[in-house]
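> Can you read through this structure? Questions will come right after.
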Amino acid sequence: MVGESYRCPKKSVLFRSSVLIPHVLSRLGHMSYDVVGAQILQTGIPASKANLIATTEVSVASLAESVMLGVAIMANDVLHFGFLAMLSLLSVVGAAWLFCRWLVNPTDVQRSLFSFDPQF
């Protein structure tokens with residue numbers, strides 16, 4: 001038993017790949033989203049305000065990270081999972097709502113950036 005090598009059963013390999021592949025795809029989607037967001041910021045912001053926008057973005061991201069850390073510290077028990085899941089759902093719904101409002105009421109700058117869309 002000591003000198004024997006352990007062979008991984010096929011079910012375990014299938015399980016690992018079924019967990020790993022969606023994770024890799026989600027990371028790829030997240031990175032693509034970041035690249036698109038950076039491209040929009042670089043093309044849509046005048047050079048004179050780029051530093052202000054970048055600094056504000058980093059500040060808001062740091063604030064959000066601090067809030068998430070505080071929530072994780074306060075709700076660190078398994079019994080709080082439902083609360084955390086509902087909080088996550090509400091944040092996604094709120095972000096989708098804000099994005100849809102942004103799409104419905106575009107500014108003149110947004111119309112010039114996305115002029116290829118016939119709706120605008």
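The values are calculated or read from the model by the stated rules, or taken from the named source; none is laboratory data. Not measured: the values here are computed from a predicted model. Neighbour counts run over all protein chains shown; Cβ positions are idealised from the backbone, glycine included. Note: accessible area is taken over every heavy atom of the protein model, side chains too, but ligands, DNA and RNA are not part of it. Shrake-Rupley method; radii C 1.70, N 1.55, O 1.52, S 1.80 Å.
> Can you give me the number of residues within segment 39-71 that are outside any helix (DSSP H, G or I) and open to solvent by less than 70 Å² (accessible area, probe 1.4 Å)? First the steps, then the outcome.
From segment 39-71, those outside any helix (DSSP H, G or I) are 45-46; that's our starting set.
Next, only the ones that are open to solvent by less than 70 Å² (accessible area, probe 1.4 Å) stay: 45.
The number of residues fulfilling the criteria is 1.
> Within segment 3-35, work out how many residues are of a type in the set (Phe, Trp, Tyr) and either part of a helix (DSSP H, G or I) or modelled with pLDDT of 85 or more (or both).
Let us first name the residues in segment 3-35 that are of a type in the set (Phe, Trp, Tyr), namely 6, 15, 33.
Cutting the leftovers down to either part of a helix (DSSP H, G or I) or modelled with pLDDT of 85 or more (or both) gives us 15, 33.
Residues in segment 3-35 being of a type in the set (Phe, Trp, Tyr) and either part of a helix (DSSP H, G or I) or modelled with pLDDT of 85 or more (or both): 2 in total.
> Here is a follow-up. Output yes when any residue across segment 72-82 is at pLDDT below 90 and of a type in the set (Val, Ile, Thr), and no when none is.
There is at least one residue in segment 72-82 that is at pLDDT below 90 and of a type in the set (Val, Ile, Thr).
> Restricting attention to segment 75-85, and to residues there that are in a helix (DSSP H, G or I) and either open to solvent by less than 100 Å² (accessible area, probe 1.4 Å) or touching a Lys or Arg at 6+ places or on another chain (Cβ under 7 Å) (or both), which single residue is farthest from Gly37 (Cα to Cα)?
Just the residues of segment 75-85 that are in a helix (DSSP H, G or I), to begin with: 78-85.
Now drop any that are not either open to solvent by less than 100 Å² (accessible area, probe 1.4 Å) or touching a Lys or Arg at 6+ places or on another chain (Cβ under 7 Å) (or both), which leaves 80, 82, 84-85.
Details: His80: 33, Gly82: 31, Leu84: 27, Ala85: 26 Å.
Checked segment 75-85; the qualifying residue farthest from Gly37 (Cα to Cα) is His80.
> Would you please name the residue that is modelled with the lowest pLDDT, looking only at residues in segment 108-118 that are open to solvent by less than 70 Å² (accessible area, probe 1.4 Å) and not in a helix (DSSP H, G or I)? Quick ask: steps written out before the conclusion?
As a first pass, look at segment 108-118 and keep what is open to solvent by less than 70 Å² (accessible area, probe 1.4 Å): 110, 113-114, 117.
Remaining after also requiring not in a helix (DSSP H, G or I): 114, 117.
Values: Phe114: 68, Asp117: 55.
Going through the qualifying residues, I end up with Asp117.
> Let me ask something else about it. Go over the candidates Val104, Val109, Val71 one by one and state the one that is touching a Gly at 6+ places or on another chain (Cβ under 9 Å), farther than 20 Å from Asp34 by Cα and not small (Gly, Ala, Ser).
On the way: Val104 fails: touching a Gly at 6+ places or on another chain (Cβ under 9 Å); Val71 fails: touching a Gly at 6+ places or on another chain (Cβ under 9 Å).
Exactly one residue qualifies, and that residue is Val109.
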